[in-house]
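Please read the structure below before turning to the comments.
The values are calculated or read from the model by the stated rules, or taken from the named source; none is laboratory data. Note that the structure is predicted; figures quoted are calculated from it, not measured. Ideal geometry is used to build each Cβ from the backbone, glycine not excepted, and the neighbour counts take in all protein chains shown. Calculation scope for accessible area: heavy atoms of the full protein, side chains included, ligands and nucleic acids excluded. Shrake-Rupley method; radii C 1.70, N 1.55, O 1.52, S 1.80 Å.
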Amino acid sequence: MSRSAHSVLRDTFGYAEFRGAQRDIVEHVISGGDALVLMPTGGGKSLCYQIPALLRDGVGIVVSPLIALMQDQVDALKQLGVSAAFLNSSLDADAAREVSRQALHGELKLLYVAPERLMTEGFLGLLERLQQDNGIALFAIDEAHCVSQWGHDFRPEYRALTVLHERFPTVPRIALTATADAPTRREIVERLALEQARQFVSSFDRPNIRYRVTLKDNARKQLQHFLESEHPDDAGIVYCLSRIKVEETADWLKQQGWDALPYHAGLDASVRNKNQRRFLREEGVIMVATVAFGMGIDKPNVRFVAHLDLPKSMEGYYQETGRAGRDGLPANAWMAYGLGDVVSMRQMLMSGEAAEERKRVELQKLDALLGFCESTACRHQTILRYFGEEHPGACGQCDNCLSPVDTWDATQAAQMALSCVYRTGQRFGVVHLIDVLLGKSNAKIEQFNHQQLSTFGIGKELVAAQWSSVYRQLVAAGLLTVDMEAYGGLRLTEAARPVLRGEQAVWLRRDVQPAKRTGSKIERSTRAREAFAGANDDPLWQALKAKRMELAREQGVPPYVIFHDSTLLEMLNRKPQTLDEMGRISGVGQSKLMRYGDDFLEVLEQR
Ligand code: ADP
Ligand code: ZN
């Protein structure tokens, strides 16, 4: 291990130790090797190219698709005393020329550039000159999965990046992504010609995220309760499926007194940018958004991600929830889910424009997600298994581990539910089916003469909510499917046959009614966890945060660029009294110690 990499980590970044594979990656790239780095969000990918760039001759070129965030990344590096700049379409010609000049004079250690800019002859010319003069330290290709056309972040410009290798074969390349699956990984290797690169694959577990799937009852009330009891002051993201629901939910939250903002692709770009900026720069803002929001949001202290609608796949769920807790502190992934979601999601996918084959893939992906929602096993384990990684289970950080779910032998109920679908002609929705099972008399029953059916009134042992649970789980398990032509009517699938014939038993989870969860073990332990993690009631914590906000405002940067929450928390717990002690807090490097050490010591002294 070269000493210097470790001293840069300590002196510049203020961290005591490398994390996970960071040390090996940094060493490998410093010695000129190519690397493909697969690490989950929050794993610490940036250091993997920043430290080698600082230790090798010349400037490190970082390709990043996220123009909106380059500024913040460069600001963060400047805070660390690292000379960095970016080139993208937001700069005017003079500013761009100035950046090129700095690069040519060897005044920059890191230069961030948008992929479309990189491929221009002008920029390639600049690279040639840099190569001849001071050298190019490395090429870092961030968000490397953008090269994959199956990924939802496909950027055609990424395809052209092989040019780097062809024109500058001696410059090491490091490609980084948080996308875990094997096909995407293979495509990155192939498209970026990284066959010779060493692969560093980290565990994709996010142990600090607590996953919970709640049965949807009254989604707004449930969300309100979740926010009040667990995140009264925190920043977080609420995901909804449609633009209209985003708007309505954001409005409603605002009326309830929350600092909530909408974000979706239908909003004016200026509104979107303004809202994103507020989310990043201020504290405690709740972003209500479609999946259009979030890629590359590297705000470290997003404390929760709530889903009011189902994500489309496990990949989507993992990526969206992964935006919580990048700083490694406790965070929540919370989802409210119900039968209506299953039906409307299936309908949406089936009625979409996509080709049949694509639809089939999408439906399979949705089924995997539904299986996850209904699962009674450890959530961390289920997620990792999906990505081909083992996990021992019993994480103590998910709903199923914290309050284990009962299952019951629902074979007979399933048979009744399925045969009711069959007898009514496979074209009715759940509400009507349940009315038949319960033997209700109403106009629709009479209209179709359903009181004559053998299944009429046979289901009185269960109540409507229980039947709804049975149907939801049968749909989720693929025994029933949603008929497009019949407006959400249910049809049997092949998989239902063995159950109807009595050849296969059905075990279902026993739903816990949301109301009964109040004061349960989960909420109590979560509250304890937040109190420990957030220190929200401690006036000193509030004072440290206020100082950070003041400094951030003065410089027009997000508060986390000054110090992360984890750094402030360590100050709160250790109460350093001297600059020397302050310098030992994780996240306080030399540059920040000089800039802010006294300011924060003063806050600590006053208490
Ligand atoms: P990624 O890009 O993989 O999502 P980042 O590079 O943004 O992750 O790092 C996530 C967080 O972890 C940041 O707050 C970063 O400062 C912190 N971090 C990274 N490496 C270390 C380390 N070795 N020790 C302590 N904190 C670290
Ligand atoms: Zn678990």
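All of 428, 372 fail the test of being under 20 Å from residue 307 (Cα atoms) and away from ligand 1 (no atom under 16 Å from the Cβ), apart from 372.
Could you list all residues from segment 170-192 that are at pLDDT below 90, within 23 Å of residue 44 (Cβ to Cβ) and not hydroxyl-bearing (Ser, Thr, Tyr)? Residues satisfying the conditions are 178, 180, 181, 182, 185.
Looking across segment 414-425, the residues that are crowded, with 17+ Cβ neighbours inside 10 Å and either free of Cβ contacts under 8 Å to residues at least 40 places away in the same chain or touching a His at 6+ places or on another chain (Cβ under 8 Å) (or both) come down to 420, 424. Selection of segment 279-315 for residues being of a type in the set (D, E, K, R) and surrounded by fewer than 20 Cβ atoms within 10 Å (Cβ to Cβ) yields 281, 282, 283, 298, 312.
Scanning segment 386-411 for residues that are surrounded by fewer than 17 Cβ atoms within 10 Å (Cβ to Cβ) and in a helix (DSSP H, G or I) gives a single hit, 411.
Selection of segment 320-342 for residues being more than 16 Å from ligand 2 (Cβ to nearest atom), on the phi < 0 side of the Ramachandran plot and either in contact with a helix residue (DSSP H, G or I) (Cβ under 8 Å, 6 or more places away or on another chain) or in the same structural domain as residue 39 (by TED's automatic domain parsing) (or both) yields 327, 329, 336, 337, 338, 339, 342. Between 268, 251, the distinction of being under 21 Å from residue 234 (Cβ atoms), surrounded by fewer than 20 Cβ atoms within 10 Å (Cβ to Cβ) and outside the structural domain of residue 146 (by TED's automatic domain parsing) belongs to 251 only.
Among the residues of segment 84-100, none qualifies, meaning not one is among the acidic types (Asp, Glu) and either under 29 Å from the mean Cα position of the chain (by Cα) or under 21 Å from residue 586 (Cα atoms) (or both).
So that you can scan it fast, the table gives a plain yes or no per residue for (1) free of Cβ contacts under 8 Å to residues at least 40 places away in the same chain; (2) within 16 Å of ligand 2 (Cβ to nearest atom); (3) surrounded by fewer than 19 Cβ atoms within 10 Å (Cβ to Cβ); (4) among the β-branched types (Val, Ile, Thr):
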residue: 8; (1), (2), (3), (4): no, no, no, yes
residue: 12; (1), (2), (3), (4): no, no, no, yes
residue: 84; (1), (2), (3), (4): yes, no, no, no
residue: 94; (1), (2), (3), (4): yes, no, yes, no
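For segment 1-29, the set of residues classified as of a type in the set (D, E, K, R) and part of a helix (DSSP H, G or I) consists of 3, 10, 11, 23, 24, 27, listed by residue number. Comparison of 475, 431 shows that the only residue that is without any contact (Cβ under 8 Å) to a residue 12 or more places away in the chain and β-branched (Val, Ile, Thr) is 431. Just one residue in the set 80, 66 is closer than 14 Å to residue 177 by Cβ and within 16 Å of ligand 1 (Cβ to nearest atom); that residue is 66. Within segment 24-46, the set of residues being buried (at least 21 other Cβ atoms within 10 Å of the Cβ) and either farther than 25 Å from residue 297 by Cα or among the hydrophobic types (A, V, I, L, M, F, W, C) (or both) comprises 25, 26, 28, 29, 34, 35, 36, 37, 38, 39.
Of all residues in segment 360-385, those satisfying the criterion of being part of a helix (DSSP H, G or I), within 14 Å of ligand 2 (Cβ to nearest atom) and modelled with pLDDT of 90 or more are 372, 379, 380, 381, 382, 383, 384. Give the residue that is farthest from ligand 2 (Cβ to nearest atom), with candidates limited to residues of segment 343-359 that are out of contact with any helix residue (DSSP H, G or I) (no Cβ under 8 Å at 6 or more places or on another chain) and not in a loop (DSSP other than H, G, I, E, B). The selected residue is 356. Say whether the condition of being modelled with pLDDT of 90 or more, assigned to a loop (DSSP other than H, G, I, E, B) and not acidic (Asp, Glu) is met by at least one residue in segment 153-169. Yes; the residues of segment 153-169 include at least one that is modelled with pLDDT of 90 or more, assigned to a loop (DSSP other than H, G, I, E, B) and not acidic (Asp, Glu). Within segment 217-246, restricting attention to residues that are under 23 Å from residue 476 (Cα atoms) and open to solvent by 60 Å² or more (accessible area, probe 1.4 Å), the residue that is nearest to the chain's Cα centre (by Cα) is 241.
Could you name every one of the helices (runs of 4 or more DSSP H) located completely within segment 426-486 that has at least 3 residues being out of contact with any Gly (no Cβ under 8 Å at 6 or more places or on another chain) and buried (at least 18 other Cβ atoms within 10 Å of the Cβ)? Hits in segment 426-486: 430-438, 464-476. Checking each residue in segment 321-343 for being out of contact with any strand residue (DSSP E or B) (no Cβ under 7 Å at 6 or more places or on another chain), more than 16 Å from ligand 1 (Cβ to nearest atom) and under 21 Å from residue 237 (Cβ atoms) picks out only 341. A residue that is of a type in the set (Gly, Ala, Ser) and either over 26 Å from residue 42 (Cα atoms) or away from ligand 1 (no atom under 16 Å from the Cβ) (or both) occurs nowhere in segment 200-218.
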